[in-house]
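Input: a single structure, listed below in structure tokens.
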Amino acid sequence: MRRLVSVAVIVVVTMMGGGCASVTPSSPSIDVKQLAASTSQFQKEILTDGVVTPAEYESALLAHRQCVTEAGADAGQLYEIGNNELTFDYEVVADSDEAVNEINTLADECMNLYRRDVGAVWAQQQLLTPQEREDLRPKVIRCLQAAGFDVAADADFDEIIAAIYQDGGIEASQECFQKYPGFFAVPAKPLTQ
């Protein structure tokens with residue numbers, strides 16, 4: 001039995017079909033103090049000062065990856081997913097579905113212990129300012145128009161997202177998502193444990 005899993009804490013607007021969640025750049029931010037009070041001891045030590053440094057972010061990723069390996073999965077190397085965020089994939093190979101499920105359960109808990117909250121705060125720290133987002137808006141619109149989307153030259157964030165969903169061009173929009181990941185990144189809602 002094999003199962004390949006991609007692990008990511010992403011606050012980028014996800015375009016994987018289905019309904020469109022109403023998440024805008026003006027959504028409320030994460031309460032880091034409250035998050036630090038309710039997270040694992042490992043993450044609490046990182047979040048106590050309210051900031052996740054690049055070294056702390058990397059240490060959380062590496063601890064998460066090590067935990068997944070100790071759970072019995074084969075963890076791959078870290079790689080970038082855009083907007084200064086990293087992730088890794090892991091594969092579970094076992095003799096039975098029951099064994100695969102057991103390893104996956106342990107690996108899922110690794111995310112809760114080492115990375116979930118640190119990753120959410122890190123992702124929030126990578127968000128663009130309103131001015132930076134506004135400066136990118138015309139470039140994103142031109143990119144989407146070149147990809148065949150019907151987006152008005154003066155479209156705001158919500159209209160851009162609606163046009164992508166409306167045109168159903170999830171795959172066609174990926175080049176623009178990859179080129180301008182910060183534009184599409186929005187504040188995360190607090191993660192529940």
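Test Glu70 against the criterion of being open to solvent by 50 Å² or more (accessible area, probe 1.4 Å) and either more than 16 Å from Val121 (Cβ to Cβ) or touching a Cys at 6+ places or on another chain (Cβ under 6 Å) (or both), and give yes or no. Quick ask: steps written out before the conclusion?
On the way: open to solvent by 50 Å² or more (accessible area, probe 1.4 Å): yes; either more than 16 Å from Val121 (Cβ to Cβ) or touching a Cys at 6+ places or on another chain (Cβ under 6 Å) (or both): yes.
Yes: the conditions hold for Glu70.
Of the residues that sit in the stretch 68-88 and are within 20 Å of Gln174 (Cα to Cα) and among the aliphatic types (A, V, I, L, M), which one is modelled with the highest pLDDT?
First, pick out the residues of the stretch 68-88 that are within 20 Å of Gln174 (Cα to Cα): 79-88.
Narrowing further to those that are among the aliphatic types (A, V, I, L, M): 81, 86.
On the way: Ile81: 82, Leu86: 91.
The selected residue is Leu86.
Against the conditions (1) within 24 Å of Gln34 (Cα to Cα); (2) open to solvent by less than 10 Å² (accessible area, probe 1.4 Å); (3) of a type outside the set (A, V, I, L, M), where does Arg116 fall short? Just the number, please.
The number of the failed condition is (2).
State which residue is farthest from Thr48 (Cα to Cα) when the search covers only the stretch 79-116 and only residues that are assigned to a helix (DSSP H, G or I) and in contact with a helix residue (DSSP H, G or I) (Cβ under 7 Å, 6 or more places away or on another chain).
Restricting attention to the stretch 79-116, the residues satisfying the condition of being assigned to a helix (DSSP H, G or I) are 97-114, 116.
Among the residues that remain, those that are also in contact with a helix residue (DSSP H, G or I) (Cβ under 7 Å, 6 or more places away or on another chain) are: 107, 110-111, 113-114.
Numbers: Ala107: 25, Cys110: 20, Met111: 19, Leu113: 15, Tyr114: 14 Å.
It comes out as Ala107.
With open to solvent by less than 80 Å² (accessible area, probe 1.4 Å), touching a residue at least 40 places away in the same chain (Cβ under 8 Å) and assigned to a helix (DSSP H, G or I) as the only criterion, which of Leu127, Leu136, Leu144 stands out? It would help to see each step written out before you state the result.
Working: Leu127 fails: assigned to a helix (DSSP H, G or I); Leu144 fails: touching a residue at least 40 places away in the same chain (Cβ under 8 Å).
The unique qualifying residue is Leu136.
Kindly provide the set of residues from the stretch 89-110 that are surrounded by 19 or more Cβ atoms within 10 Å (Cβ to Cβ) and touching a residue at least 60 places away in the same chain (Cβ under 8 Å), ordered by number.
Result: Tyr90, Val92, Asn104, Ala107.
Can we say Gly119 is touching a residue at least 12 places away in the same chain (Cβ under 8 Å) and assigned to a loop (DSSP other than H, G, I, E, B)? Reasoning before the result, please.
On the way: touching a residue at least 12 places away in the same chain (Cβ under 8 Å): yes; assigned to a loop (DSSP other than H, G, I, E, B): no.
No; evaluated as a whole, the condition is false for this residue.
Count, please, the residues in the stretch 139-166 that happen to be under 24 Å from the mean Cα position of the chain (by Cα) and of a type outside the set (A, V, I, L, M, F, W, C).
6
So which pairs qualify, if the first residue must be in the stretch 53-67 and in the same structural domain as Tyr90 (by the TED database) and modelled with pLDDT of 95 or more, the second must be open to solvent by 50 Å² or more (accessible area, probe 1.4 Å) and in a helix (DSSP H, G or I), the Cβ gap must be under 7 Å, and the two must be at least 6 apart or on different chains?
That search, which allows pairs on different chains as well, returns Ala60/Tyr114; Ala63/Phe42; Ala63/Tyr114; His64/Tyr114; Cys67/Leu113; Cys67/Tyr114.
So, of the residues in the stretch 159-178 that are closer than 11 Å to Val140 by Cα, buried (at least 16 other Cβ atoms within 10 Å of the Cβ) and of a type outside the set (A, V, I, L, M), which turns out to be modelled with the lowest pLDDT?
Filtering the stretch 159-178 for residues that are closer than 11 Å to Val140 by Cα, buried (at least 16 other Cβ atoms within 10 Å of the Cβ) and of a type outside the set (A, V, I, L, M), the one modelled with the lowest pLDDT comes out as Ser173.
The values are calculated or read from the model by the stated rules, or taken from the named source; none is laboratory data. All of these numbers come straight from a predicted model, not from anything done at the bench. For neighbour counting, all protein chains shown are included, and Cβ atoms are generated from backbone atoms with ideal geometry for every residue, glycine included. When the accessible area is computed, the model is the full protein with side chains, heavy atoms only, and any ligands, DNA or RNA have been set aside. Shrake-Rupley method; radii C 1.70, N 1.55, O 1.52, S 1.80 Å.
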